[in-house]
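Written below as structure tokens is the structure these notes are about.
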Amino acid sequence: MTTKPHIEAVIPVYNEVDSLPMLIQGLDHAKTCLQDDASFSYLFINDGSTDGTTQLLKTLNAQRTDIRVVELLHNFGHSAALACGLEHFRGDVALFMDADLQDPPSALAPLFYQWQQGAKTVVVERGKRPEKHGFLFRAFYYLLRKTSRTLPPINFGTHSLLDKSVVDRMKSHRERNRYFPGLVAACSGEIAAIPLPRGERVYGKSRVGFAGLIQLALTAFLSFSSAPIRLVSILGLICSLGSLTGAVVIVGIKLLTNWAIPGWASTMSLLFFASGIQLLSLGILGEYVSRIYDEVKKRPLYWVGEQLEPRASSQEHRVSSSVTPPIPLGHYRRPLS
Ligand code: UDP
Ligand code: MG
């Protein structure tokens, strides 16, 4: 007799007290479509919420038997919360998604169907985006795909269903600067995609924010494409060729004609152009150096505080004492006092 696969939804949350009830309602409904083919539970990574999310998760964990919670000591960011989710995942299949209802819970059944058909990695391909910066997202995906050899031609983010084997591979990627879809692609063979339009955030503003997205985009380019560092070389080459040509032209004019080359404005604009390129190149190199520094420091990505196990597996609502895997990306169990 084969046992039913267990799907665990791994959901990072930061100040999502308004979205959570609707999200859980949506997933509770979506899981009924699985019928008897799989069991389902939740793992919430609470990334230092300060708005009542923590209390809500505690209550849900105490009331239900299918919700466990890992509390981070403070806010470490979306990527770190996802890394924590990978580390703490228990199950056969992981459903990664955001809590803000931009990732439709109804995708669960089609994602699982693809897994049943043998796909180890199934992602939700993002169609039209209603967000303000939709054009920037499209440009980002286009450029990243054009300049990276390892990324598939699919626009996808966190929303995905990953087989345990893929999660295990992703756990061995210990880098600090993490681009989740890039890691999914690096650790997968074939990737099945389900195209779906991306919804709008139902409550509040993006918790990652525009600056956070720029940071993530930079991480994606620097870790999955060699385009930025090549751009520095190309700019250097263009400037050298430009100045060489300029020098030849100036010497030619001096030797062959009586023209006086007008000076100040052209010199200054060339100077500005060259300094701009030098600063840009330094900036790009700086981004690499700061990331190398991050990696060398080997600081943990996050620290775990309390872990709330589901009621069924522990008689009362308590701090977990389960054994955690060796050298997790920064695991810390607060002593019971
Ligand atoms: N999130 C998190 N830590 C953070 C910021 C966000 O765990 O520091 C969670 C957030 O609660 C949501 C998901 O990550 O579940 C995506 O966040 P958001 O919707 O703000 O990102 P966006 O959709 O704007 O990229
Ligand atoms: Mg969002």
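The values are calculated or read from the model by the stated rules, or taken from the named source; none is laboratory data. Every value quoted in this text rests on a predicted model; they were computed, and no experiment measured them. For neighbour counting, all protein chains shown are included, and Cβ atoms are generated from backbone atoms with ideal geometry for every residue, glycine included.
Of the conditions (1) closer than 21 Å to Leu143 by Cβ; (2) exposed (fewer than 15 other Cβ atoms within 10 Å of the Cβ), Tyr203 satisfies every one except a single condition; which number is it?
(1)
On the given criteria, is Ser188 more than 15 Å from ligand 1 (Cβ to nearest atom) and touching a residue at least 60 places away in the same chain (Cβ under 8 Å)?
Considered against the rule, which asks whether it is more than 15 Å from ligand 1 (Cβ to nearest atom) and touching a residue at least 60 places away in the same chain (Cβ under 8 Å), Ser188 comes out as yes.
Any idea how many residues of the stretch 137-162 are surrounded by 20 or more Cβ atoms within 10 Å (Cβ to Cβ), in a loop (DSSP other than H, G, I, E, B) and out of contact with any Pro (no Cβ under 8 Å at 6 or more places or on another chain)?
1
Kindly list the number of the only condition in (1) in contact with a strand residue (DSSP E or B) (Cβ under 7 Å, 6 or more places away or on another chain); (2) buried (at least 20 other Cβ atoms within 10 Å of the Cβ) that fails for Met170.
The failed condition is (1).
Here's the yes/no breakdown for (1) under 18 Å from Leu282 (Cα atoms); (2) within 16 Å of ligand 2 (Cβ to nearest atom); (3) within 12 Å of the chain's Cα centre (by Cα):
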{"site": "Val184", "(1), (2), (3)": "no, no, yes"}
{"site": "Cys187", "(1), (2), (3)": "no, no, no"}
{"site": "Ile191", "(1), (2), (3)": "no, no, no"}
{"site": "Arg198", "(1), (2), (3)": "no, yes, no"}
{"site": "Ser206", "(1), (2), (3)": "no, yes, no"}
{"site": "Ala211", "(1), (2), (3)": "no, yes, no"}
{"site": "Phe224", "(1), (2), (3)": "no, no, no"}
{"site": "Ile229", "(1), (2), (3)": "yes, no, no"}
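Residue by residue, here is whether (1) over 27 Å from Pro197 (Cα atoms); (2) away from ligand 2 (no atom under 16 Å from the Cβ); (3) among the hydroxyl-bearing types (Ser, Thr, Tyr); (4) not in a strand (DSSP E or B) holds:
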position: Leu20; (1), (2), (3), (4): no, no, no, yes
position: Gln25; (1), (2), (3), (4): no, yes, no, yes
position: Lys58; (1), (2), (3), (4): yes, yes, no, yes
position: Glu71; (1), (2), (3), (4): yes, yes, no, no
position: Ala99; (1), (2), (3), (4): no, no, no, yes
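Condition (residue is within 21 Å of His6 (Cβ to Cβ), within 15 Å of ligand 1 (Cβ to nearest atom) and among the β-branched types (Val, Ile, Thr)) applied to the stretch 88-105: is it met by at least one residue?
For the stretch 88-105, residues within 21 Å of His6 (Cβ to Cβ), within 15 Å of ligand 1 (Cβ to nearest atom) and among the β-branched types (Val, Ile, Thr): absent.
So which residues in the stretch 21-40 are touching a strand residue (DSSP E or B) at 6+ places or on another chain (Cβ under 7 Å) and either surrounded by 17 or more Cβ atoms within 10 Å (Cβ to Cβ) or acidic (Asp, Glu) (or both)?
Answer for the stretch 21-40, where residues must be touching a strand residue (DSSP E or B) at 6+ places or on another chain (Cβ under 7 Å) and either surrounded by 17 or more Cβ atoms within 10 Å (Cβ to Cβ) or acidic (Asp, Glu) (or both): Leu27, Lys31, Leu34, Ala38, Phe40.
Filter the stretch 171-182 for residues that are in a helix (DSSP H, G or I) and closer than 20 Å to Phe221 by Cβ; which is farthest from the chain's Cα centre (by Cα)?
Filtering the stretch 171-182 for residues that are in a helix (DSSP H, G or I) and closer than 20 Å to Phe221 by Cβ, the one farthest from the chain's Cα centre (by Cα) comes out as Gly182.
Only one of these conditions is not met by His159: (1) within 16 Å of ligand 1 (Cβ to nearest atom); (2) within 21 Å of Gly286 (Cβ to Cβ). Which number is it?
Condition (2) is where His159 drops out.
Got a sec? Which of Leu82, Leu95, Leu101 is modelled with pLDDT under 95 and within 26 Å of Val304 (Cα to Cα)?
Sole residue among the options that is modelled with pLDDT under 95 and within 26 Å of Val304 (Cα to Cα): Leu101.
Taking only pairs six or more apart or across chains, which ones have beta-carbon atoms under 6 Å, a first residue in the stretch 1-30 that is β-branched (Val, Ile, Thr), and a second residue that is modelled with pLDDT under 95?
Correct list of pairs: Val17/Asp51; Val17/Gly52.
Would you check if there is a residue in the stretch 122-130 being surrounded by fewer than 21 Cβ atoms within 10 Å (Cβ to Cβ), within 17 Å of the chain's Cα centre (by Cα) and among the acidic types (Asp, Glu)?
Scanning the stretch 122-130, I find at least one residue that is surrounded by fewer than 21 Cβ atoms within 10 Å (Cβ to Cβ), within 17 Å of the chain's Cα centre (by Cα) and among the acidic types (Asp, Glu), so the answer is yes.
Can you pull out every residue in the stretch 248-278 that is part of a helix (DSSP H, G or I) and either in contact with a strand residue (DSSP E or B) (Cβ under 8 Å, 6 or more places away or on another chain) or surrounded by fewer than 10 Cβ atoms within 10 Å (Cβ to Cβ) (or both)?
If the condition is that a residue be part of a helix (DSSP H, G or I) and either in contact with a strand residue (DSSP E or B) (Cβ under 8 Å, 6 or more places away or on another chain) or surrounded by fewer than 10 Cβ atoms within 10 Å (Cβ to Cβ) (or both), then Leu255, Leu256, Trp264, Ala265 are the ones that fit.
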